[in-house]
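Let me begin by presenting the structure, written as structure tokens, before commenting on it.
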Amino acid sequence: MTISSLASFAIFDPSASFALEKKTASAGAATTDFSSVLAALGQQTAVDVKAGESVAAAGLQGRASTQEVVQAVSKAELSLQAALAVRDKAVSAYQELTRMTI
């Protein structure tokens, strides 16, 4: 999978409504810190899961087609899997750091 193909995934949406960049006061340059990226990932995952739930409920009431339900639930599942993968890597890195001798 190439970087350009990541744009097709909802988790990698450069036009997302949340801002990942913070302006530094000294240089005025845009930087992205790790906590902002994690916060944005968590927010987008929550939005995707809530959207999937609401479309699924609309599908049960007959207000959404089967295709819309499947797409929304798949997007929510993909977002959740990505968030869990990031969490697992962060926990693994923390455990590795705690095993290091000083």
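Here are the numbers for the structure shown:
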read-out	value
Only Lys, Arg (+1) and Asp, Glu (-1) charged, at Cβ; segment 34-102 dipole about Cα centre in debye	100 debye
Translational diffusion of segment 34-102, µm² s⁻¹ [Kirkwood Rh, Cα pairs; Stokes-Einstein; 4 °C; 1.567 mPa s]	94 µm²/s
Neighbourhood charge, 12 Å Cβ-Cβ cut-off, centred on ALA83 and excluding it, Lys, Arg +1 and Asp, Glu -1	-1
In order through segment 31-41: 3J(HN,Hα) via Karplus (6.51 cos²θ - 1.76 cosθ + 1.60), integer Hz, x for Gly, Pro	10, 10, 9, 5, 5, 5, 5, 5, 5, 5, 4
Using a Förster distance of 30 Å, the FRET efficiency for ILE102-THR31 (Cβ separation, nearest 0.05)	0.50
Charge sum, other residues only, whose C-beta stays under 14 Å from LEU60's C-beta, Lys/Arg counted +1 and Asp/Glu -1	-1
For ALA64, residues with placed amide H under 5 Å, excluding near neighbours	GLY59
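Bear in mind these aren't lab numbers, they're just calculated from the coordinates by the rules spelled out. None of the values given here were measured: they were computed from a predicted structure. A quick note on method: Cβ atoms are made from the backbone with ideal geometry, for glycine too, and the neighbour counts reach across all protein chains shown.
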